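Chemist: Quick one: structure below, then a few questions.
Laboratory data are not the source of any read-out in this text; all were calculated from the coordinates shown. Small disclaimer: the values here were computed from a predicted structure and weren't measured. No Cβ is skipped: glycine too gets one built from the backbone with ideal geometry, and neighbour counts run over all protein chains shown.
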Amino acid sequence: MRIGFLSPLALALLAGTSLQAQASSDDSCYPDWRVSRSSLDTCSNLPFLSPGNDSRVNLRLLLADKKSAPLTPDALNDDDLAQGFGPVPFPVYRLAPRADSTTEPDNGPDDSRTAELDTLLGPLGIKRDEYKTAGEAFLNGEGSRCRSNDDDSATAFISQVVKADMPAPERELLVKARLQLLSTCDWDGPVVADPQQLQSADGQLLLAYLQAAADFYSGRFAEASSGFTAASKSALPWLKETAQYMTARTALNQAQANAYDEDGMPHLDRVDKSALAEAEQGFDSYLKAYPQGTYSTSARGLLRRVYWLANDNRKLADAFAWQLTQATDAQRNMSVNELVEEADLKLLMVNSETVNSPMIQLVSDLMVMRGGNQPTLSRADIEKQKAVFASEPELYDYLLAVNALYTEQQPDAALKLLPQSVPSSLNYFAFSQQTLRALALEAKQDWKGAEALWLQLLPLAKLPLQRDQLELALAMNYERSGQLAKVFAADSPIGAKQVRYILLRNIAGPDLLRQQIAKASDPVERETAQFVLLYKDLLRGQYATFADDLKQLPASAPEDKLGTSLGYIYSASQTLKLFQWNGDKAESGYACPSIAQTAATLQADGKHPQALNCLGEFILRNNLDGMPLEQARAAGSLGSTASQFKGETFSRLDGYKQVIANAKAPKNDKAYALFRAINCYAPAGYNSCGGVDVEPAVRKAWFRQLKSGFADTQWGKSLQYYW
C-alpha cells in the first residue's frame, strides 16, 4: 500500500489499523470510476496489475495466477451498494474475508485440548483447580511470549512426563508444577520447591526444561537459555527437539527485549544484534535437524520476524515468496490472507532495495511508479533489475511497458513491449498485458483499435472481476469516442448497472433518455432516465419540453426511491413524485402553484417574479441545492465528458437576483427574493444556492433594502441578520 517510504514507527502505527480503516480516513470508501490510474486509491482497485492498485491487490492477482489463493471477492454488501459501488472498481477489503459482525471472535481456549489434558490427568488422580490459562489473556494474533503458555503446551509437556521413566511421586510433582505455571507468566523462584525430590534422570531433565520455561515466560532470558541448552542434550526425543526450538525462541525474545518503547512502538536500532544472530542461527539449525518437526511451521514464521528486526529485506522477501507460493497450508503459521497483510506492512511499505523474488519486486516497483513523495523509478532503474526477472522475463517486459505508458507517457514504446495478439485464455497477468495494451491504444487516441481489443477480450474474461472491468473500459471508450448510444444499444455487452446509471445522469441527451424510458429492461434505469430528463428539462429552462415530457408521467407517479442511480449515497434519494409538487410545501408562507404551472408561466415569461421565486422554492423545499446531478465528475473518470443535454442549470440565487433587479416586481415577490437571497449565505457566509457569489457588501445592501423599503412585510419583519 506504500505512500512514500515509511519509518518503522509509522509501520507499527499502521500495523494496528484494520483493512477497512486503511481504506479511507472516515472509515468509508467511494469509487473513482476509471481504468487508467497511476496514483493510489485503496477504494478503487481493478483486477489488473496497476500502479494505482493497493499493493495487496496486485500481490493477490499474482498469487491467484500461481494457484496459491484464488481471487474470491466478497459479494457487494448493503454498505458497498449505499456508497455507490458496483463490482469494479473495488475497495481492497473486498478481497479479504470479511469478519462476521454478528459473531464475537473466538479467543477462548481450545476445548479439545482442554479435554485431552483432563484425560491425561485422570489416571494420575489430579484435578485442575483453574481452567483459565495465562495465554488466554492475549487476543488471537497478539504477539507475546506468554501466548504459548496454554493447554497445548501443558498437554505436550505432561504427556512426556506420563511416558517418562520415573517414580510416581516425581511424576505428580512435575505435573502439578506445570499446572501451577499454566496460570501465570510471572513466576519467581524454583518451579518445584525442593528439586532434590526428583532423582531420576528423566525427572531431572524434565524439571530443568520446566524451570527454563518458567524463566522464559517470566522474561529471564539468560537463565532460560542456559536451561534449554542443557535440556537440548537429552536423549528424550521430544525434549531434545523442543529445547532446541526454545533456545532459538529465547534468543529472539532477548534480541527484541528493549526494541519497543512504552507505547509498544518498535525501534529497530535498539535490537540486540548479537542475540538476533543467535536466534537466526538457532532456527536455521532447528529446521535443518527437524525440517518437518513439531515446531517447523512456527520456526519459519519466527524467522520472518528475525529478518524484519534485522532489516534484512532480501531474506524477508525470500521468506514471504516461499510462504506465499510454495508452502502448504500446514507449513504456514498463518493464512495466505494474513501473510499478504504482513508482507505489505513489514516489507512492501518500507522496502527500497532490490530483492530476489520477481513477484515481490514487481509489486514493489508498481508502487514506486505512483510517484508522489517517493523516489521515481526510471527505465534505467528497471533495467538494473533484469537479473531478478530471469526466471519470469514477461514480468520484466510488463514493468518496462508500465513505465513507458505511465512514467514516460510513450504509448508506442509500451505497445512494443506487450503481446501483439490475444491468447486463448486470460489469467490475471495476461489480462493485465491486454488491458495495458488497450490503454496504450487509447492514449494514442486510437479509439477504434482499443474498442476492437476490449470487445475481443470480453468472451475470454472468465475469472472474477475481469468482465466487470471490461464493461467499464468499453463504456469509457464509447463515451470518449462520441459513441455513447452504443452503451445503450439493444445488443450492448455493457450490463453493469452503475456504469449505465452514471452515463445516463451525467452525459445522456434528451433523445437517449427518452429511448431508455421506453426501452430499458431495468425498471430503475427507466425511472432514472425519466427523472434525469424531467429534472434537466426543468432546471435548464426547457419549459415547453418539460411540459411535453411530464405528460409521460402517470397521474400516480412511481414512489420508488432513486438513490445511487442518481448519484446519492446512503439513504438519500428522490422519487418521480417530485415533479408533481403542487406548492403545498411552501413552509415559509410564500404561496406557489404546482411545478407544472410554474414551468408554464416561465415558458410564457422567463422573468416572471413569482415563477422565479417558486422555481427556487421547488429547489429549496425538495433539497435540490447541490444535488448529485449538478456535481462535476472527477476529470478523466466515467461520465466526465461534456453533457449532451444542453443549457445552463438554474440556480436559486440567480433567480432571486433577477427578481431583486426587476423594477416592476410586486412588493411581496421582491421582499421574498431579498429574504431568500440573504438566507442563501446563512448561517456561515457560504453560498448554498448555487450561481455566482456576491460580496458581503451586496448582501448588506440587500438587508438594508429589505429592512427599509419592505419593513412592513413578514420577510422584512422576520429577518434580523445578514451573512
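Chemist: Rounded to the nearest 10 degrees, what's the angle between the helix 201-217 long axis and the longest principal axis of the chain, both from Cα atoms, 0 to 90?
Modeler: For 201-217 against the chain, the angle is about 30 degrees.
Chemist: While we're looking at this one, here's another question. Full-extension gain between S425 and D188, please, as 0.36 nm times their residue separation minus the C-alpha to C-alpha distance.
Modeler: Additional length available on full extension: 78.8 nm.
Chemist: Let me ask something additional. Assuming 0.36 nm per residue, please report the length gained on full extension of the stretch K607 to E587 beyond their Cα-Cα distance.
Modeler: Gain on extension, K607 to E587, equals 4.8 nm.
Chemist: Taking neighbour counts of Cβ atoms within 10 Å as a proxy for exposure, in what order, fewest first, do Y30, Y721 appear?
Modeler: Numbers: Y30 14, Y721 9.
If I rank by nearby Cβ atoms, fewest first, I get Y721, Y30.
Chemist: Oh, and also: I'd like the Karplus ³J(HN,Hα) series for region 507-520: coefficients 6.51, -1.76, 1.60, θ = phi - 60°, whole numbers in Hz, and an x wherever there's a Gly or Pro.
Modeler: Each residue's phi maps through the Karplus curve to give 10, 4, x, x, 5, 5, 4, 5, 4, 6, 4, 7, 10, 4 Hz.
Chemist: Computed FRET efficiency, Cβ-Cβ of T376 and K707, R0 60 Å: what is it to the nearest 0.05? Mind showing how you got there, number by number?
Modeler: Working: r = 61 Å, r/R0 = 1.02.
Taking R0 as 60 Å, the efficiency between T376 and K707 is 0.45.
Chemist: Sticking with this one: With contacts defined as alpha carbon pairs under 8 Å and 6 or more residues apart, what's the relative contact order of region 112-219 in percent? Each step should come with its number before you reach the end.
Modeler: Working: 106 pairs, mean separation 29.9, N = 108.
That works out to 28 percent.
Chemist: Among E342, E130, which comes first, then next, by fewest other beta-carbon atoms within 10 Å? Mind showing how you got there, number by number?
Modeler: Details: E342 19, E130 9.
Neighbour counts put them in this order, fewest first: E130, E342.
Chemist: OK, next. Restricting things to alpha carbons, find the Rg to Rh ratio for region 123-195 using the Kirkwood radius for Rh.
Modeler: Rg/Rh for region 123-195 comes to 0.99.
Chemist: Right, something else. How far, in degrees from 0 to 90, does helix 221-231 lean away from the longest principal axis of the Cα atoms of the chain, to the nearest 10?
Modeler: Helix 221-231 sits roughly 50 degrees off the main axis of the chain.
Chemist: Also, quick follow-up: Going Cα to Cα from K315, which lysines come in below 22 Å? Please leave out same-chain ones fewer than 8 positions away.
Modeler: In chain and number order, the partners are K66, K273, K288, K346, K384, K386.
Chemist: Between region 363-405 and region 509-574, what is the separation of their alpha carbon centroids in Å?
Modeler: With region 363-405 and region 509-574 each reduced to a Cα centre, they are spaced 48 Å.
Chemist: Which value in nm describes the separation of the simple spin-label points at Q292 and S200, placed 7 Å from the Cα toward the beta carbon?
Modeler: Computed distance between label sites Q292 and S200 equals 3.1 nm.
Chemist: Nothing charged except the Cβ atoms of Lys and Arg (+1) and of Asp and Glu (-1): what's the magnitude of the dipole of region 177-254 about its Cα centre? Round to the nearest 20 debye.
Modeler: With Lys and Arg at +1 and Asp and Glu at -1, about 240 debye.
Chemist: Along Cα→Cβ, 7 Å out, is where each label goes; now give me the distance between the ones at A634 and A544 in nm to one decimal.
Modeler: Spacing of the two 7 Å Cα→Cβ label points: 4.2 nm.
Chemist: Straight-line reach only, C-alpha to C-alpha below 30 angstrom: list the lysines that K519 could link to, leaving out same-chain residues fewer than 8 apart.
Modeler: K448, K462, K486, K497, K536, K551, K561, K577, K646
Chemist: In nm², what is the average projected area of the convex hull enclosing the Cα atoms of the chain?
Modeler: Its Cα hull, projected and averaged over all orientations, spans 41.0 nm².
Chemist: Using alpha carbons only, how many angstrom separate the centre of region 411-456 from the centre of region 281-359?
Modeler: If we compute the Cα centre of each part, the gap is 36 Å.
Chemist: Right, something else. Sequence neighbours fewer than 8 away in the same chain don't count; with that in mind, list the lysines whose C-alpha is under 25 Å from K700.
Modeler: Of all the lysines, those that pass the test against K700 - Cα under 25 Å, at least 8 places apart if same chain - are K607, K657, K664, K667, K670, K717.
Chemist: Additional query: Using Cβ counts within 10 Å as a stand-in for footprinting exposure, how do T564, T119 rank, fewest first?
Modeler: Ordered by Cβ neighbours within 10 Å, fewest first: T119, T564.
Chemist: Using Cα pairs under 8 angstrom and six or more residues apart, how large is the relative contact order of the chain, in percent?
Modeler: Over the chain, the number comes to 11 percent.
Chemist: Let me ask another. Using label points projected 7 Å from each Cα along Cα→Cβ, tell me how many nm separate W447 and K497, to one decimal.
Modeler: Once both label points are built, they end up 2.9 nm from each other.
Chemist: With Cβ to Cβ distances under 13 Å as the rule, what net charge do the other residues near K384 carry (K, R +1; D, E -1)?
Modeler: -2
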